[in-house]
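Worksheet for the structure shown next.
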C-alpha cells in the first residue's frame, strides 16, 4: 500500500486521540469546586448550624474536627455522621467534590487542608471502608 493510504488514517487516529483527551479534560473540569459544593449543599446546614452542624468558619468548633485528620473527617461525613446524612444528602456528589467541600470548610475554620489529590482520595476511600465496617458490626 502507498503512503497516501496511511495519511488519512493518521489524521483520523490523531483526531480520535485529541477527542478522547478533550473528553477527559471536560470530565475533570465538570467536577465542582469545594466552594460550589459548600454553597449548593453544605451551607443549608453549616451556615446556620442546623441540627448542631459545625458552623462555617467557627474555629473553636471545627478545631477538634480538623484534628481528626482530613481523611477521617471526610470519610465519616461521606458515610454520614451524627445528624448529617451520607454525602450531605446529595447522592449525585462525587467523593472528590465532597472532599473538596470538606477541605474548603476546614480552611475557612483555620485548617490547612488542601483539595484532595489521588493519594488523599485513596486514604479517604480506605477510611470509608473501615467506617462502614465498624457501623455494620455495631448493629
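Multiplying the sequence separation of residue 122 and residue 81 by 0.36 nm and subtracting their Cα-Cα distance, what value in nm do you get?
Values: separation 41, 0.36 × 41 = 14.76 nm, distance 2.00 nm.
Length gained, residue 122 through residue 81: 12.8 nm.
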Task: Diffusion coefficient, µm² s⁻¹, Stokes-Einstein with Kirkwood Rh over alpha-carbon pairs of segment 32-138 at 4 °C and 1.567 mPa s - done: 95
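Readers should treat all values here as calculations from the given coordinates under stated rules, not as data from a laboratory. Here the structure is a predicted model, which means the values were calculated and not measured.
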